[in-house]
Protein chains: 2
Amino acid sequence: MAAMNRRIVLASRPHGEPKPEDFRLEEVPVPTPGPGEILLRTQWLSLDPYMRGRMSAAKSYAAPVEIGQPITAETVGEVVASNNPAFKVGELWTAFAGWQEYFVTDGKGSRRVDPDAAPPSTALGVLGMPGMTAYTGLLNIGEPKAGETVVVAAATGPVGSLVGQIARLKGARAVGVAGGPDKCRYLTEELGFDAAIDHRAPDFADALARACPKGIDVYFENVGGAVFDAVLPLLNDFARLPVCGLVSSYNATEVPPGPDRQPALMRMVLTKRLRIQGFIVWDFASQAEEFRREVGTWVKEGRVRYREDVVEGLEKAPEAFIGLLKGRNFGKLVVRVAG
Amino acid sequence: MAAMNRRIVLASRPHGEPKPEDFRLEEVPVPTPGPGEILLRTQWLSLDPYMRGRMSAAKSYAAPVEIGQPITAETVGEVVASNNPAFKVGELWTAFAGWQEYFVTDGKGSRRVDPDAAPPSTALGVLGMPGMTAYTGLLNIGEPKAGETVVVAAATGPVGSLVGQIARLKGARAVGVAGGPDKCRYLTEELGFDAAIDHRAPDFADALARACPKGIDVYFENVGGAVFDAVLPLLNDFARLPVCGLVSSYNATEVPPGPDRQPALMRMVLTKRLRIQGFIVWDFASQAEEFRREVGTWVKEGRVRYREDVVEGLEKAPEAFIGLLKGRNFGKLVVRVAG
């Protein structure tokens, strides 16, 4: 066991786009588990857009990361020391260890990861929080019906890719929005999306309209911004908009200039009888087992596919995270820390 | 039977606030019912904010009124001639006769009004479309729970007054917003609202916050504008916002200046996990019988009270409607046309 624990802490709160100097790699002694506790050595570290919110002091659904503390993150780690008979050395468990190599926990809220059932990193992606975000938001709020059109952005990411694939399993038409021709090709050729639109193309809004000839019944909102603007006029009456993220605005530093489009949005809510509903995955915590059983089966049967973008080494986490907010990753972004 | 039918037609599409000259009173021959049809003589005519939308050419959930045609309105009329055995001369029936004295219909969509069960005008108010709007929107989308806080504007109107009273019947705290001290007094002293706030008061937003010390769980949106702005920061996590009207903006002629608050609204939807959902009463058409049975019982038992603002004479409809959009009515605005 290494004597020191490498970790990445928040050096300063980012103003706008995070910069490398907002993060600091440091070494501290490996902590020692107390009675009933275990020591986890991080193997896989998940990088997700929500972490940008935790780096700000603004009020949200979770407390911000304190300056000098490791950035929040879910991990898969190996038990390297255990004072708790429920956790055996050598087992893999999820935890919210944060951006660091070692973590002491009493294991509450952790779940066992079986490396024989699926690659352990999937516990952070298609079979973890992002997958459950897609599953619960789409099925509880989006409620796609056969023949309807479902649109999702960041569609090659772990949330978007599952939203589209579940939409298709429910008989709906899946239209993905992604950045660049490679990602778009992947959506239609590998994941079976009915159409994929490049949001970087100059005729993006027109292309989206052409890909949705019968309008949009479900828009799974995870980006906001220009995609939302292009979606709005295409929404059908009674369209549902589960809102799980607005990544395009996470680095925003200013209130956008006018005109004020809020009243027009509310007018559209009324005349089209839209349902716009925010959620986070933990709102549907009671559906976790059902999610893992059903999506786990789909993955095993090859009915759901996933893609990971693996970054090697904890020290690469800041750069990878900065790229994530710009859409540079291609698939679920995970950091291999060890193992 | 009069030989002529007086009616008020749309003379021109209002730009902004409707003006008397946008309406024209004219006389045309009383129409003759064909096979299976009946002739109704209007007794009561309902004036409602949604009619402003029908006077515009803009796309909405219903087709606009054509220039030269009577303004849309629901009515209670007496059968004065009948070629249909299901409708007997002397009976009262609802219809969408519009702003006129006589109307021929096959009776589809009409319902019989029993003058012994309740005053016939209530079929246009507490026991009609406005009442059902309050009942279905609040119970299906607002879902108030005991101990929660429900806020509604235009609270002395037929929708708002029922929203608040049903909220209280469900054990919630009802806070009404209305224009002026008389209306506010009526809400707390006559209808039993827990608090009433005058939106004309200079400290309106602060007063609303003081009246909602535990935040707002349900905001029944029927006005928009400054009330919505004051409500937003008070919304609790998981608040529900049924959106049935935005009367404060119906006369708007320009897009409001910046900043653009639409992204901030979506951010709040996400962080507070709001549910914002538009509806019109016909979306819940299947609940009409349940509504009339339950609210009818509440009215009979005195658990729900209502107030009407009666205008005498068809020719007064334009002036009364213009006043409605300014909040000049006090209670459900109906025009007594005959009877």
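Read the figures in this text as sums done on the coordinates, not as results from a lab. For clarity, every value in this text was computed on a predicted model and none was experimentally measured. As a convention, Cβ positions derive from the backbone with ideal geometry for all residues, glycine included, and neighbour counts pool all protein chains shown.
Summary table
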{"quantity": "DSSP loop GluC sites (Glu not before Pro) with at most 11 other Cβ within 10 Å excluded, longest remaining stretch of chain B", "calculated": "B:67-253"}
{"quantity": "Estimated 222 nm signal from helices in chain B, with DSSP H stretches of n ≥ 4 weighted -39500 (n - 2.57), rounded to 500", "calculated": "-6000 deg cm²/dmol"}
{"quantity": "Segment A:139-241: relative contact order as a whole-number percent, Cα under 8 Å and 6+ apart", "calculated": "29"}
{"quantity": "Trypsin sites (Lys or Arg not before Pro) lying in DSSP loop within segment B:1-95, provided at most 13 other Cβ fall within 10 Å", "calculated": "B:LYS59, B:LYS88"}
{"quantity": "Linear extension gain, B:ALA226 paired with B:SER56, 0.36 nm per residue minus alpha-carbon span", "calculated": "58.9 nm"}
{"quantity": "Highest-fluctuation residue, B:LEU25, B:LEU47, B:LEU270 considered, GNM on chain B with Cα pairs under 10 Å", "calculated": "B:LEU270"}
{"quantity": "Tensor-based shape of segment A:129-283 (alpha-carbon gyration tensor, a/c under 1.5 rounded, otherwise prolate or oblate)", "calculated": "rounded"}
{"quantity": "Beta bridges by DSSP in chain A, antiparallel share as percent, to the nearest 5", "calculated": "55"}
{"quantity": "DSSP-defined beta bridges in the protein assembly as shown - what % are antiparallel, rounded to 5", "calculated": "55"}
{"quantity": "Rounded if a/c under 1.5, otherwise prolate or oblate - segment A:17-158, Cα gyration tensor axes", "calculated": "oblate"}
{"quantity": "Centre separation in Å (Cα based) which lies between segment A:180-245 and segment A:1-24", "calculated": "35"}
{"quantity": "Global form of segment A:225-292, assessed from the alpha-carbon gyration tensor, a/c cut-off 1.5", "calculated": "oblate"}
{"quantity": "Cross-link partners of A:LYS214 among aspartates and glutamates (Cα-Cα below 15 Å; sequence separation of 8 or more within a chain)", "calculated": "A:GLU148, A:ASP194, A:ASP206, A:ASP237"}
{"quantity": "Copy-to-copy label separations for A:ASP203, where each label sits 7 Å from Cα toward Cβ, in nm and ascending", "calculated": "6.0"}
{"quantity": "DSSP-loop trypsin sites (Lys or Arg not before Pro) across segment B:274-339, with at most 16 other Cβ within 10 angstrom", "calculated": "B:ARG303, B:ARG305, B:LYS326, B:ARG328"}
{"quantity": "Top of A:ALA118, A:ALA97, A:ALA58 by mean-square fluctuation, Gaussian network on chain A, Cα under 10 Å", "calculated": "A:ALA58"}
{"quantity": "Highest-MSF residue in chain A out of A:THR149, A:THR42, A:THR253 [GNM, Cα springs under 10 Å]", "calculated": "A:THR253"}
